[in-house]
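S.K.: Below is the structure I would like to discuss, written out as structure tokens.
The values are calculated or read from the model by the stated rules, or taken from the named source; none is laboratory data. In this text the structure is predicted, and so the values were computed from the model without any measurement. Cβ sites come from the backbone with ideal geometry, for glycine too, and all protein chains shown count toward neighbours.
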Amino acid sequence: MFGMTEEQFAEFFMTYGVGALIVFMLFIIGHLAWESKAGKFGTFVLFLGLAVGFIGFIAKYIIQWYLDGA
């Protein structure tokens, strides 16, 4: 499909597709915080929840890169 194997296709969308979804979620959470008038602390908590998931996503690739290089 599109000149790629299934493995390449899946890896591409797991990397860039999920990354794009995280960026989209930044806008969603920002809009949610603004509409609900969450304040500084509420907005911080909302973005903190997203950041924990984002750090886990990045950590997966760092660990995978480290294990492949070893």
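S.K.: Just to be sure I understand, how many residues within the range 2-43 are farther than 30 Å from Q64 by Cα and either among the small types (G, A, S) or in contact with a helix residue (DSSP H, G or I) (Cβ under 9 Å, 6 or more places away or on another chain) (or both)?
M.R.: To start, the set of residues in the range 2-43 that are farther than 30 Å from Q64 by Cα comprises 30-43.
Subset that is either among the small types (G, A, S) or in contact with a helix residue (DSSP H, G or I) (Cβ under 9 Å, 6 or more places away or on another chain) (or both): 30, 32-34, 36, 38-39, 42-43.
Qualifying residue count for the region: 9.
S.K.: Filter the range 23-51 down to the residues that are in a helix (DSSP H, G or I), over 20 Å from the mean Cα position of the chain (by Cα) and not acidic (D, E) and list them by number.
M.R.: Correct list: W34, S36, G39, K40, F41, G42.
To keep it simple, each residue is scored yes or no on (1) more than 25 Å from Y61 (Cβ to Cβ); (2) at pLDDT 90 or above.
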position: A10; (1), (2): no, no
position: F13; (1), (2): no, no
position: L21; (1), (2): no, no
position: A38; (1), (2): yes, no
position: T43; (1), (2): yes, yes
position: F47; (1), (2): no, yes
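S.K.: Among the residues of the range 2-18, is there at least one that is among the charged types (D, E, K, R) and surrounded by 10 or more Cβ atoms within 10 Å (Cβ to Cβ)?
M.R.: So far as the range 2-18 goes, yes, one or more of its residues are among the charged types (D, E, K, R) and surrounded by 10 or more Cβ atoms within 10 Å (Cβ to Cβ).
S.K.: So, one more: Which pairs have Cβ atoms under 9 Å, sit 6 or more apart or on different chains, and link a residue in the range 29-53 that is within 20 Å of G19 (Cβ to Cβ) to one that is surrounded by 14 or more Cβ atoms within 10 Å (Cβ to Cβ) and polar (S, T, N, Q)?
M.R.: Cβ pairs passing all conditions: I29/T43; G30/T43.
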